[in-house]
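These notes are about the structure you will find just below.
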């Protein structure tokens, strides 16, 4: 039986569109509201949900996501709390969930224990922002043992040899970083991204989702023409930060996400 991530990509392809993968930080503006926001994103057309695990030293994140992590940590959000959020979401949703985390919280929790608990909570995939492919074997083994996919990052600076190495561990998709540097809203996408994505797809023999800096419907539409999935994070996280924990928050986030989801259709 195919996993939820695989099924999500298959449905998107059948609908002649790229998979829409929104990112939000778990615990921002609060753990309880994260579940509400996840359902709002699903109603808006999300195919896969990326949940960020807040961390005190998010070196790959720009200011928007850093502030989001700070707000989540101020709410007392822990890795255990993130898994609880996923369990709560599973009572009302089957949307695939990928945890976006630094390795430190998982190392402190215990890799084997985390893998078992994440699977029990209903996590489908895990992406470590700071674990290169040549150091990912232990995580891949632990997660595979419980049926969770390890999602690997590929950057524009990755060599062909490193991209080929990703193929051995790749699951339903790999995550291509649209630009070097940290996350954040960008006015434009870098040139040559289409050729890079096609090269990554060929070398990894896997689907490719593109993120980091994709923030407007126009950018989503452009990426959707050649990528298998489009990840949008900072634009949504920024809106959450602007509004805060108000009654209108889920509706505002849903409206923003719906415009982004509609842009994933291929021409």
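Every number in this text was worked out from the coordinates using simple rules, so none of it is lab data. What you see is a predicted model; the values in this text were computed from it and never measured. Note that we place each Cβ from the backbone using ideal geometry, even for glycine, and neighbour counts take in every protein chain shown.
Note on the chain: with a GNM built from Cα contacts shorter than 10 Å, the maximum mean-square fluctuation among 147, 192, 251 falls on 192. If a/c stays under 1.5 just call it rounded; otherwise compare a/b with b/c (prolate if a/b is bigger, oblate if not). Do that for region 112-267, with a ≥ b ≥ c from the square roots of the Cα gyration tensor eigenvalues. It is oblate, given that a/c is not under 1.5 and a/b is not larger than b/c.
Look at the Cα gyration tensor of region 4-262: its axes a ≥ b ≥ c give a/c under 1.5, and that counts as rounded. Entry note, the chain: the mean residue ellipticity at 222 nm calculated from DSSP H runs of n ≥ 4, each adding -39500 (n - 2.57), is -14000 deg cm²/dmol after division by the residues and rounding to the nearest 500.
Mean-square fluctuation check for the chain, GNM, Cα pairs under 10 Å: which of 173, 91, 20 is largest? Among 173, 91, 20, the largest mean-square fluctuation in the Gaussian network model of the chain belongs to 91.
Relative contact order of region 4-262, taken over Cα pairs closer than 8 Å and 6 or more residues apart, is 24 percent. Between residue 111 and residue 246, full extension at 0.36 nm per residue minus the direct alpha carbon distance yields a gain of 45.0 nm. Residues 102, 175, ranked from the fewest to the most other C-beta atoms within 10 Å, line up as 102, 175.
Anyone know which of 96, 250, 63 comes out most mobile in the 10 Å Cα GNM of the chain? Its mean-square fluctuation being the largest, the pick is 63.
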